[in-house]
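This report refers to the structure that appears directly beneath it.
Just so it is clear, none of the values below were taken in a lab; they were calculated from the coordinates. In this text, all values refer to a predicted model and were calculated from it rather than measured experimentally. All Cβ positions, even for glycine, are placed from backbone atoms using ideal geometry, and neighbour counts span all protein chains on display.
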Amino acid sequence: MPESHNPYLGDYWRGGAECAKLPAKEADYLFFQENPNNPKRGLRAEPTRLAKDMCQKCPVLKQCLKDALNHPELAGYGVRGGKSARERQEILRLGENAINKAIESAGK
Ligand code: SF4
């Protein structure tokens, strides 16, 4: 998660994040198509797909998804841990077993 968009998380893993290598503007475009505070921005499939592909190559994918699912207040925003906001919302809705399964299978 790009630092400029990630004030909520600790930075113990940030140094290895694939998305942290991107310029902030590009990261914002790819990772934050889903943003409830910006109604003009609709979910575009291609940048979201590219962001999710980048996550699959990220060395901190599992940690990132775990962090994301531990912060349900952020579930409406962007791609994190290889999952879109909608996907994370669905995992959270399904409950603890689904959350644990998603984290366990991240990066495999
Ligand atoms: S898993 Fe994705 S959102 Fe999370 S740090 Fe890596 S590239 Fe960024």
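Of note:
- Label point distance in nm, N70-D53, each placed 7 Å from Cα along Cα→Cβ: 3.1
- Segment R93-Y29, extension gain: residue separation times 0.36 nm, minus the distance between their alpha carbons: 20.4 nm
- Remark: relative contact order (the range 22-108) = 28 percent; criterion is Cα-Cα distance under 8 angstrom and separation of 6 or more residues.
- Counting every pair of alpha carbons in the range 20-108, the share spaced more than 17 Å apart comes to 45 percent.
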